Amino acid sequence: MKGTNLGEFEELVLLTIAALVNEAYSVAICDELEKHTGRAAKLGVVHAVLNRLEEKSLVKSHLGDATSARGGKRKRYYEVTHAGKVALVKAKEVRESLWNIIPGFNLEGSL
């Protein structure tokens with residue numbers, strides 16, 4: 001297995017897959033990312049990240065059933081693996097520990 005360190009966009013894609021549960025396919029992932037980040041998520045970039053996450057064994061995928069609405073094409077669905085969950089928890093813990101050591105950093109009054 002390759003390293004499990006997550007880049008920022010990898011982390012966002014992984015979180016999105018977890019949030020979408022059984023509906024995590026590339027177009028839905030792009031739409032959800034755009035909705036929550038306000039940034040356009042290009043399908044090609046998301047596909048590259050999905051491939052990288054699969055190579056790292058952080059996600060696994062399977063093909064859904066063919067539908068007439070898609071001209072018989074099947075969607076590839078993604079799900080977070082146990083290793084992916086561990087990587088997300090580790091990333092969250094690192095971020096929280098860094099936030100906790102910033103002295104006097106209070107956003108409450110500045111928003």
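Here are the numbers:
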{"item": "Partners for residue 85 among lysines (Cα-Cα distance below 26 Å; same-chain residues under 8 apart left out)", "result": "2, 35, 42, 56, 60, 75"}
{"item": "Angle in degrees between helix 8-20 and the longest Cα principal axis of the chain, rounded to the nearest 10", "result": "60"}
{"item": "Solvent exposure of the chain as accessible area per residue, Å², 1.4 Å probe", "result": "68"}
{"item": "Helix axis angle, 82-100 relative to the chain longest principal axis, alpha carbon, degrees", "result": "20"}
{"item": "Rounded percent of accessible protein surface that carbon and sulfur make up, the chain, 1.4 Å probe", "result": "54"}
{"item": "Rg/Rh (Cα only; Kirkwood hydrodynamic radius) as it applies to the chain", "result": "1.07"}
{"item": "Whole-Hz couplings from phi, Karplus 6.51/-1.76/1.60, listed for segment 49-60; x for Gly and Pro", "result": "5, 4, 4, 5, 5, 5, 4, 7, 6, 8, 9, 10"}
{"item": "Sum of -39500 (n - 2.57) over DSSP H runs of 4+, divided by residues of the chain (222 nm, nearest 500)", "result": "-16500 deg cm²/dmol"}
{"item": "Order by protection proxy (mean Cβ within 10 Å, highest first), peptides 38-49, 18-29, 90-101", "result": "18-29, 38-49, 90-101"}
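The values are calculated or read from the model by the stated rules, or taken from the named source; none is laboratory data. This is a predicted model, so every value here is computed, not measured. In this analysis, Cβ positions are derived from the backbone assuming ideal geometry, glycine residues included, and neighbour counts consider all displayed protein chains. Keep in mind that these areas ignore ligands, DNA and RNA; they rest on the heavy atoms of the full protein, side chains included. Shrake-Rupley method; radii C 1.70, N 1.55, O 1.52, S 1.80 Å.
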